[in-house]
Amino acid sequence: MTVMKTREEVTPAPLPPILEVLPAALRRDAAPVRCVCRHCTPNLSDVQRAAHERVQEDWRATRIAWCEAHGYQLLDLIQAEKEATADRVRRRKSAGRH
Ligand SMILES: [Zn+2]
């Protein structure tokens, strides 16, 4: 008896939408600080600014590590976040139209 290889056997199971499984702490709205450049945060000292930048870098690195550990790519996440933002904007626009 010949066993035919089906598509299911060679293709890994599709992953769930990344935003449904991403931990809340790694979502974009949970990002530590938006921007700590001199313009956005003129009152920060250079030491504080550097500390904030480290926190941001850690957060980004954690996101990349999570994606890799769960079979996603950071690009999948960025793309999903872009679409989610576009969806929100669309919904807000259609909600305002009567
Ligand atoms: Zn800025």
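Just so you know, all these numbers are worked out from the coordinates, no wet-lab data involved. Source: prediction; values computed, not measured. Positions of Cβ are backbone-derived with ideal geometry, glycine not excepted, and every protein chain shown enters the neighbour counts.
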Quick one: helix 74-96 against the long Cα principal axis of the chain, what's the angle to the nearest 10°, folded into 0 to 90?
70
Tell me, what HN-Hα J-couplings in whole Hz come from the Karplus equation 6.51 cos²θ - 1.76 cosθ + 1.60 at θ = phi - 60° for each residue of segment 15-31, using x for Gly and Pro?
7, x, x, 4, 5, 7, 10, 5, x, 3, 5, 9, 6, 4, 6, 9, 4
Defining a contact as two alpha carbons under 8 Å apart and six or more residues distant in sequence, what relative contact order in percent does the chain show?
28
Partnerless Cys - the chain, beta-carbon criterion under 4.7 Å
37, 67
Considering only 71, 30, 50, whose Cα is most displaced toward the positive end of the charge dipole of segment 14-98, charges sitting on Cβ of Lys, Arg (+1) and Asp, Glu (-1)?
30
What do you get for the angle between helix 46-69 and the principal long axis of the chain? Use alpha-carbon atoms, 0 to 90 degrees, nearest ten.
10
Return the calculated 222 nm mean residue ellipticity for the chain, to the nearest 500 deg cm²/dmol, obtained by summing -39500 (n - 2.57) across DSSP H runs with n ≥ 4 and dividing by the residue count.
-18000 deg cm²/dmol
